[in-house]
Amino acid sequence: METQVEKEAPSGLELFYQTLLQEIYWSELHLRDVLESMEERASTDELKSAFRNHREETSNQISRLEKIFYLEGMGAQPMFCVGMQGLFDEGWQVIDETEEGSAHRDAALIVAAQKVEHYEIATYGSLSTLAKTLGFQEAVDLLEQTLAEEKKADGTLTALAERDINAEASIEAVSEEQFPVPDTANITTESEPSVNTMKAGITGVDAGAGSKSTREGTEASTPGSAEALLVNDDGTPKAKKKNTRKAKV
Ligand SMILES: [Fe+2]
């Protein structure tokens, strides 16, 4: 009688590894479109080219993930990633709140993109560590290749910011619409007691960590809410989100 070989049930760690893979796969698929939007909105050729190059790398990273899914014996199935969606949403806010063609926008786009890169670096670094533990050496090699690309992309963005974009943005005047004169008399915060304590010269206090501004219109959009979504599930960009955060501090 023929003996049927049953696949061993995966460990909790392996299931977690698979979930992380699915989430970063979702992120990379959407990131291709996000990087295209960023390239369109950037004003310098160097920054456009940095976004374009990383978009091409992202396509290779997607292929590597698909290979890892194959090695895992599972289909390539994307899973919504709430962390990355929040960062995509921040990217839209940057575009909403900065003037087209300004160095300010380029500097802010770099920050938004670097937040994404750092999230990816953390994810791929963790995935590589998990794959090592699970004994998936081929996956480790693929994940490390992608990790190196993410770090390089991050470095390229830092170099562009430091070379001239941030300096240009620092001397660029903003319009009054972008920077309304704040009504400082009516600003109240929950951290006032801490601020007062600091004023009294006592150090080492929590200077308002977790405090929430009570000025109107500064609340972030609800993570995962429909209006916070930058892209549809099929990867097409959503309509531009209405700016709800005009005040700059
Ligand atoms: Fe990536």
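Readers should treat all values here as calculations from the given coordinates under stated rules, not as data from a laboratory. Quick caveat: nothing in here was measured; it's all calculated off a predicted structure. Cβ sites come from the backbone with ideal geometry, for glycine too, and all protein chains shown count toward neighbours.
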Query raised in the report: Can you work out the FRET efficiency for the pair S170 and N60, with r the C-beta to C-beta distance and R0 = 22 Å, to the nearest 0.05?
Result: 0.05
Query raised in the report: Mind listing which trypsin sites (Lys or Arg not before Pro) in the stretch 1-84 are in a DSSP loop and have 11 or fewer other Cβ atoms within 10 Å?
Result: K7
